[in-house]
């Protein structure tokens, strides 16, 4: 943060991982100017006007807020936006997509599958099996009536790989390699 002119006191993330309106919801609800800038709030020595006097809960929030605000140092430089999902501080659609999709969680087992030196179609099949995306009898019956040879005996995806006779043949060591 620079001079605080472009940073909204209650709505922007100043301290911690979320905005002050989330950290201090009781104070935010009774504050007159909910869109005040950090610069304007600091100019008034953080003494903003409120709709009513503080109760016990608001006094507790006020004390916590004042302790947090002691760490803010405004400068003469303009405010600038910093993208926290990238080390460079610059926005990227890749980091946003990863945040939305995985929210910071990396599936280590899936990463091992993608790094393994196995055919792509096997990697895709394993991904589909892991994420429960393989069609089973219930799905095939809902669709256009196409049925797999094992469809009559397999009703759940989790059992497809282990119960289907054709799949068992494929998973056996040496399967697919013909000997003369």
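Which of the residues that make up region 30-47 are in a loop (DSSP other than H, G, I, E, B) and at pLDDT 85 or above? Steps first, please.
So the first thing to find is which residues in region 30-47 are in a loop (DSSP other than H, G, I, E, B), and the list is 32-36, 44-47.
Answer for region 30-47, where residues must be in a loop (DSSP other than H, G, I, E, B) and at pLDDT 85 or above: 32, 33, 34, 35, 36.
For (1) closer than 14 Å to residue 7 by Cα; (2) assigned to a loop (DSSP other than H, G, I, E, B), each residue gets a yes or a no:
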position: 21; (1), (2): yes, no
position: 53; (1), (2): no, yes
position: 67; (1), (2): no, no
position: 71; (1), (2): no, yes
position: 76; (1), (2): yes, yes
position: 79; (1), (2): yes, yes
position: 97; (1), (2): no, no
position: 101; (1), (2): no, no
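Sort out which residues of region 65-75 are loosely packed, with under 13 Cβ neighbours inside 10 Å and within 22 Å of residue 22 (Cα to Cα), and write them in order of number. Break it down stepwise before answering.
The initial filter retains those residues of region 65-75 that are loosely packed, with under 13 Cβ neighbours inside 10 Å, namely 66-67, 70-71, 73, 75.
The answer is 66, 67, 70, 71, 73.
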Matching residues, region 76-105, being touching a helix residue (DSSP H, G or I) at 6+ places or on another chain (Cβ under 9 Å) and over 17 Å from residue 17 (Cβ atoms):
79
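The values are calculated or read from the model by the stated rules, or taken from the named source; none is laboratory data. For clarity, every value in this text was computed on a predicted model and none was experimentally measured. When we count neighbours, we look across all protein chains shown, and the Cβ atoms used for this are built from the backbone with ideal geometry, even at glycine.
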